[in-house]
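Notes follow the structure.
The values are calculated or read from the model by the stated rules, or taken from the named source; none is laboratory data. As the structure is a computational prediction, the values presented were derived from the model and not from experiment. Please note: Cβ atoms are built from the backbone with ideal geometry, for glycine as well, and neighbour counts cover all protein chains shown. Areas reflect the complete protein model, heavy atoms only, side chains present, ligands, DNA and RNA absent. Shrake-Rupley method; radii C 1.70, N 1.55, O 1.52, S 1.80 Å.
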Amino acid sequence: MKEEKIKEKTDKIYEFLSSEKIKNAVKVQSEIIRSAGEFLRKEGFIEIFPVIISPITDPLADPNVKISFSLYGYPYQITKSMIFHKQISLLSLEKMFTFSPNLRIEPEEKKDSGKHLFEFTQLDLEVRNARREEILSLGERLLVHIIKSVKESSKKELDFFRRKLKIPKTPFGKVKFKDVYQKYQKNYEDLLSRELGEPVWLIDFPIEIREFYDREDKSQPGYLVDMDLIFPEGYGEALSGGEREFEYEKILKRIQRKNIDLSYFSFYLEIAKKGLYPSAGFGIGIERLTRYICGIERIEETKLFPKIPGEFSL
């Protein structure tokens, strides 16, 4: 990179890091993290360290899009999410959570979306023997607790953003994916979010458009026992999760149905063969939650060192 380009980038970074906007956003974010951990510990969850590299990670529609390398003669990837580690950790724990850094190589055209980063932090949690309804209730109570805590502890920062936060009413509404897609088509998430005044659960996604680890619904084959939470006011997806496939043969068939090379998940399959617990959980993006709570237009304004698709970042 040429010297003048480095200076230009450095000037922008210095100005951004010195601004009142990022200072206030990070203070709110700190309260989000603190209050989320407080809530989950009271619910009996155990916090674990995040996994940064592993031989297995989330395929996320295309297992070939990855950052991989060899270390000590073994294959590793940088984790896109801790989905498999969450499930496996339940061999030891009944309830777990972690604040997990995620690295996902987003297409460059998403840099202007205002809601995509290629490095972000996710609050990931999983519960042994849980069903979707239990996790929906947990997600609602968690979000309400966080918003209440921020309103009480970060009034000065919210005033800076001129943000009048509403505490959502529970239970949140539920809408089926097929109904929403029929109405809005491809841009369903954004259009639905713009119409909402309260968060809403989007449930029952078709099996073809989600990953192999979400459990197929026996009562409606071809659909999954999963969900996304959609923020109101156009802020889009808040979290994603559901019940997990845990039986070896079903996992195997689902991977094959996606036409994914089984060798990508050989370690995971060997563990599944020994036996996994039924479970359910979700991941919620901390930067997206900060953006919604503060009413910030662009997600890169929610963290000190944002990684924007297609741009050089510190």
- Tell me, what is the per residue accessible area of the chain in Å², probe radius 1.4 Å? 51
- Measuring from centroid to centroid over Cα atoms, what is the spacing of the range 290-314 and the range 148-199 in Å? 19
- Item | Nonlocal amide H pairs with PHE97, under 5 Å, H built at 1.01 Å | ILE46, GLU47, ILE48
- Task: Quick one: compute a quarter of the convex hull surface over the Cα atoms of the range 1-49 and quote it in nm².
- Result: 5.3
- For the range 180-314, what % of the accessible area comes from carbon and sulfur atoms, probe 1.4 Å? 51
- For the range 250-314, with only Lys/Arg (+1) and Asp/Glu (-1) charged at the beta-carbon, what is the dipole magnitude about the Cα centre, in debye rounded to 20? 560
- Message: Rg over Rh of the chain, using C-alpha atoms and the Kirkwood radius, what does it come to?
- Response: 0.96
- Query: Projected onto the charge dipole of the range 51-147 (+1 at Lys/Arg Cβ, -1 at Asp/Glu Cβ, origin at the Cα centre), which of GLN87, GLN77, THR57 gives the Cα projection farthest towards the positive end?
  - Reply: GLN87
- Query: Do any of LYS86/LYS253; LYS66/LYS253; LYS42/LYS86; LYS95/LYS274; LYS111/LYS156; LYS21/LYS111 go past 28 Å between their Cα atoms, and which?
  - Reply: LYS111/LYS156
- Work out Dmax and Rg for the range 1-127 from the C-alpha atoms and quote the Rg first, both in angstrom. 18.1, 54
- Accessible surface ranking that places the most exposed of ASP217, ASP179, ASP112, ASP124 first, with a 1.4 angstrom probe: ASP112, ASP179, ASP217, ASP124
- Query: Under a straight-distance cross-link criterion of Cα-Cα below 20 Å, which aspartates and glutamates are reachable from LYS27, leaving out those fewer than 8 residues away in the same chain?
  - Reply: GLU15, GLU38, GLU119, GLU152, GLU157, ASP159, GLU287, GLU297, GLU300, GLU301
- If ligands, DNA and RNA are left out, what is the accessible area of ARG291 with a 1.4 Å probe, given in Å² to the nearest 10? 20
- Query: Once the whole set of protein chains is in place, how much accessible area is left on ASP11, using a 1.4 Å probe, in Å² to the nearest 10?
  - Reply: 80
- Message: I'd like the carbon and sulfur percentage of the solvent accessible area for the range 1-156, probe radius 1.4 Å, heavy atoms only, ligands and nucleic acids excluded.
- Response: 54
- Message: Could you put LYS183, LYS176 in order of accessible surface area, largest first, with the 1.4 Å probe and the full protein assembly present?
- Response: LYS183, LYS176
- In debye to the nearest 20, the charge dipole size for the range 42-143, taken about the Cα centre with +1 at each Lys and Arg Cβ and -1 at each Asp and Glu Cβ, equals 160
